[in-house]
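The values are calculated or read from the model by the stated rules, or taken from the named source; none is laboratory data. Note that the structure is predicted; figures quoted are calculated from it, not measured. A quick note on method: Cβ atoms are made from the backbone with ideal geometry, for glycine too, and the neighbour counts reach across all protein chains shown.
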Amino acid sequence: MARAAEIVKRLVIGRALRSEETHAAELPKRLALPIFASDALSSVAYATQEMLLVLTVGGLAYTYLTGWLAGGVVLLMAVVVLSYRQVVRAYPSGGGSYEVVSTNLGPRSGLVVAAALLVDYVMTVAVSVAAGVDNIVSAVPSLHDARVGLALAFVVLLAAINLRGVRESGRAFAAPTYLFILGVLVMCAIGLARWTAGDPPVAQSAGYGIRPEPGEADLAGAAVVMLALRAFSSGSSALTGVEAISNGVPAFRRPKSRNAATTLAAMGLIAIVLFSGVTALALISDVHIADDACRLTGFPGDCENAPQRTVIAQVAAAVFGGDESFGFYYIQTVTALILILAANTAFNGFPLLASVLARHRYLPRQLYTRGDRLTYSNGIIALATVAGLLLWVYQASVTSLIHLYILGVFTSFTLSQIGMVRHWNRTLRTGTDPAARHRIHTARVINGVGAAITGLVLVIVLVTKFLEGAWLAVAAAVLLWLTMRGIRRHYDSTAAELAVTDPRAEYLPPSRIHVVVPVSTLHKPTLRALAYARALKPDSLEAVTASVEPEDVRQLRRQWEEAGIDVPLKVLDSPYREITRAIVGHVRSIGAGSGPRDVINVIIPEYVVGHWWEQPLHNQSALRLKSRLLFTPGIMVTSVPWRLSSSAHAAARSPGQAPGSVRRGEPPPSRPRQPSGGSGDTGS
């Protein structure tokens, strides 16, 4: 079993890498772009659609707002990209928004950003994969009923690729990202050229009408403004992933800050061009789409079960001459790929941020360490698990998941820009060089404008999406914030409890050592445990057994005397046939009569087995005994292993470290080992 697991692990993630190979995982810009920018680039595939879905609740009357709202999204994206270029230059360590806010606004505010970003990374995986599956279904409608299974399979695949390492995931995702950019640019060029030439593309849905939702037909005044704000907040999903590069600066090649800033600028420019082109073609080709297909008049087929085609699918069909053209299938293929691979941004950002938080003792320490391939594998697995659960609960529906999205992004945007303004203010108080001060003033203005705009958008998103499901994201972020505060308090209190104030006093040896060896029968493991106990030269040593079956006790006494063992054997009364309670009670009674610096050492024989199915057959009584004794003050528990022949065979077969095997520099098999919470055996 151990060998099979090791083989599967190596097939999935590859050979283990040494710690000094970390530099080999640093990324050039051409690989960093698809790894960190795939989310921001891919969101152009659904951002326009999300705006239209909101505007068409009132029918076709309000779609004229699309262009103006798209212009606002483009302006917002430009401001955010410029702002984050200041972040990567000022804070190249990779903490991103969390580090900026923690340093300048305090740790509590930094934890707000961290909680919001962690939730948003989970949503990035869920929304990106669901949107990718939507585009697959648009090309192959027969897969509609398998959408949840497809989504979960893609999450597992992404996790496996990322477990192989950053460079490997970059190579795997580079081609789809660049093919998507090329395909959408060609589509936009052809579509706009046809429009300029007087032959504009026409979408398949251009002839559909849209029935307004009840009460949404004749909106006026504040109601129209509210509708526009809702549409704008949905379109702002195009900004998701912009912050990922600021979190991943350490992954870039040197000079890290400059390369990260260059990649961020390239990402922003490409995303703006693609989003503008797709939105313009959607308006030119007169794409009609609604949140419910049954509101589309003229929709062919069963509106309750037949899926609508996505906006980008309709645009591709209109530009390239139908849904049987090569261009249509090319766009659908690369769009589905990049939407699914966009989740890779989160698979890089989430583990990095979780590692930083674990280093600061806000998350479990297991999230801090790297795995075999120098990736933060525990963070990758945690992200895949939670995102997969969301996809299953929400049936991989983009419309349902999108309401939980982007709230965390704008929380981090706003607080990080406010933090940067504070950073520049502090820098100005100490800087004297005129040229440097001029640059700082410019950067402060950029971050100040960014804070104002993203703060306004945050309010809009919160107001317009709260009751539609965003409250769940808020609740999740609050719960995560409280959990991280609790983890930090636990680590702090533990550190304070374990801190050494007087090393000489703590280093003093025990006054007396009392050793107790639980036994149930006289065999080789028992004799080894007794021999080790004698080698310790304790002040007192006794073997104890619980009287469960009188005949067994009489036989043990007879064997003990015949063997001439000079360790006294004490029989404990156990009227209710409870071995653990009898031994624990006896050990505690010894402790009650001991001095404050006396130590009681309970030495337990333990079987080491070679097969998983053997484990339930042994070591159960000792497991219960350990679990009780480890919580008893003044008690030390030592396991003396006895390796069964099956463990030796397993060690010979296993290419890795089998149970009970010994590495160079470890004690030989005859030496005892301290228990790690595993099971033991008293010989029964």
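What strands (runs of 3 or more DSSP E) completely inside segment 487-593 contain at least 3 residues that are among the hydroxyl-bearing types (Ser, Thr, Tyr) and either in contact with a helix residue (DSSP H, G or I) (Cβ under 9 Å, 6 or more places away or on another chain) or at pLDDT below 90 (or both)?
Because the criterion is at least 3 residues that are among the hydroxyl-bearing types (Ser, Thr, Tyr) and either in contact with a helix residue (DSSP H, G or I) (Cβ under 9 Å, 6 or more places away or on another chain) or at pLDDT below 90 (or both), the strands (runs of 3 or more DSSP E) in segment 487-593 that meet it are 540-547.
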*Under 6 Å by Cβ, and 6 or more places apart or on different chains, what pairs join a residue from segment 450-473 that is in contact (Cβ under 8 Å) with a residue 40 or more places away in the chain and surrounded by 17 or more Cβ atoms within 10 Å (Cβ to Cβ) with one that is of a type in the set (Lys, Arg) and part of a helix (DSSP H, G or I)?*
Thr464/Arg230
_Filter pass, Thr483 being farther than 30 Å from Val602 by Cα, among the hydroxyl-bearing types (Ser, Thr, Tyr), touching a residue at least 60 places away in the same chain (Cβ under 8 Å) and assigned by TED's automatic domain parsing to the domain that holds Leu363_ = no
_Residues that are surrounded by fewer than 16 Cβ atoms within 10 Å (Cβ to Cβ) and assigned to a loop (DSSP other than H, G, I, E, B), drawn from segment 191-201_ = Ala197, Gly198, Asp199
*Within segment 219-229, is even one residue out of contact with any Cys (no Cβ under 8 Å at 6 or more places or on another chain) and buried (at least 24 other Cβ atoms within 10 Å of the Cβ)?*
no
_Which of the numbered conditions does Leu522 fail, given that it passes all the others? Conditions: (1) under 26 Å from the mean Cα position of the chain (by Cα); (2) over 26 Å from Ser400 (Cβ atoms); (3) buried (at least 19 other Cβ atoms within 10 Å of the Cβ); (4) not hydroxyl-bearing (Ser, Thr, Tyr)._
(1)
*Inspect all residues belonging to segment 528-543 and state whether any of them is more than 16 Å from Val637 (Cα to Cα) and acidic (Asp, Glu).*
yes
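Per-residue answers, yes or no, for (1) closer than 30 Å to Trp481 by Cβ; (2) over 12 Å from the mean Cα position of the chain (by Cα); (3) in a helix (DSSP H, G or I); (4) small (Gly, Ala, Ser):
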| site | (1), (2), (3), (4) |
| --- | --- |
| Tyr330 | no, yes, yes, no |
| Val334 | no, yes, yes, no |
| Ile338 | no, yes, yes, no |
| Ala358 | yes, yes, yes, yes |
| Tyr362 | yes, yes, no, no |
*asked:* Of everything in segment 437-457, what is polar (S, T, N, Q) and closer than 17 Å to Arg426 by Cα? Give them in sequence order.
replied: Thr442, Asn447
